[in-house]
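Participant: Below is a structure I'd like to ask you about.
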Amino acid sequence: MDAGLHCAIRDGIATLTLRNPAKRNAMTPAMWREFPELLAGLRADPAVRALVLTGHGGTFSAGADIGSLRDAEAPRDLATRAEEALAAFPRPTLAAVRGACVGGGCQLAVACDLRFAERGAVFGVTPARLGLVYPPGATRRLVRLVGPSAAKYLLFSAELIGTERALRTGLVDEVLPTGGLDGRVAEFTAVLRSRSALTQQAAKEFADAAGEDPGEDAGEDAGERPAAARLAWWRGQEEAAGEAGEGITAFLERRAPRFPWSPSAGPAA
């Protein structure tokens, strides 16, 4: 089976599978390049409510194809471009992890909103094994997720950790028994589909903006101005679509809501 990315959409959930079985789903330069393009297509489809990232077979991803790092035509920032595209995807993203989630594979998993792992999975951030400088964006994202001390442990040592420690540090959100991952992911994504897409997309935008540095010369209230503008935009969307009206009415009538708002392809203006 050739290496590549496989995407399937079912009931509004896009499942993106990393496939390179000969090398434990290691990411080739072609796979890194394809990643942002594929995400751009999914982003433009308002029917896609959430994205699940997983690996083919019993492995998430062993990272980058190390042999390709010597290739002058495969710059290291390919992985950064893929990671940033995944982090910027506007709808909920979930990494479903089995087996090894190491190096570039872990970099992609950390860029997802949530991570569910099957017991026995292992995680590692391994540039120190190769003498590579980890990108600042990926480092910042890891620190926000697990805290400075745990991030430094992973980056300094390049040691692999199991699901128990990953859960304790916040690297994963749920650990499932063997054979239970697919069912739990299906259950959780069904919950996501039943909720307000407007609430989810606004919440992701606000959460990802939390802690951003507005710049030394921006002024004391600079951080509040963009937040206020984003809130006003989303409140306008909420009112125009009648989203909250439907949610409140459905609650009072004790029925499932039929939220009218559809995810937009672009960011809030």
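Participant: Among GLY131, GLY105, GLY170, determine the one that fluctuates most according to a GNM of the chain built with springs between C-alpha atoms less than 10 Å apart.
Facilitator: Its mean-square fluctuation being the largest, the pick is GLY131.
Participant: Helix 77-87: angle to the longest alpha-carbon principal axis of the chain, degrees 0 to 90, nearest 10?
Facilitator: The helix 77-87 is inclined about 30 degrees to the chain.
Participant: Something else now. Ratio of the chain's C-alpha Rg to 2.2 N^0.38 Å, to two decimals?
Facilitator: Normalised by 2.2 N^0.38 Å, the Cα Rg of the chain equals 1.05.
Participant: For the chain, with a Gaussian network of springs between Cα atoms less than 10 Å apart, report the residue from ALA44, ALA240, ALA150 with the top mean-square fluctuation.
Facilitator: Its mean-square fluctuation being the largest, the pick is ALA240.
Participant: Which residue, VAL185, GLY236, GLY99, has the largest displacement toward the positive end of the dipole of the chain when charges sit on each Cβ (Lys, Arg +1; Asp, Glu -1)?
Facilitator: Value: GLY99.
Participant: Follow-up question, since we're still on this one. Please arrange SER157, SER196 by counting, for each residue, the other beta carbons lying within 10 Å of its beta carbon, fewest first.
Facilitator: SER157, SER196
Participant: What percent do you get for the relative contact order of the stretch 119-193 when only Cα pairs under 8 Å and 6+ apart count?
Facilitator: Result for the stretch 119-193 is 38 percent.
Participant: For the stretch 4-188, what relative contact order do you get, as a whole percent, if you take Cα pairs closer than 8 Å and at least 6 residues apart?
Facilitator: 18 percent
Participant: Among ALA250, ALA138, ALA203, which one shows the biggest mean-square fluctuation in a GNM of the chain, springs joining Cα atoms closer than 10 Å?
Facilitator: ALA250
Every number in this text was worked out from the coordinates using simple rules, so none of it is lab data. Keep in mind that this is a model prediction, so the values were computed, not measured. Positions of Cβ are generated from backbone atoms using ideal geometry, with glycine treated the same way; all protein chains shown enter the neighbour counts.
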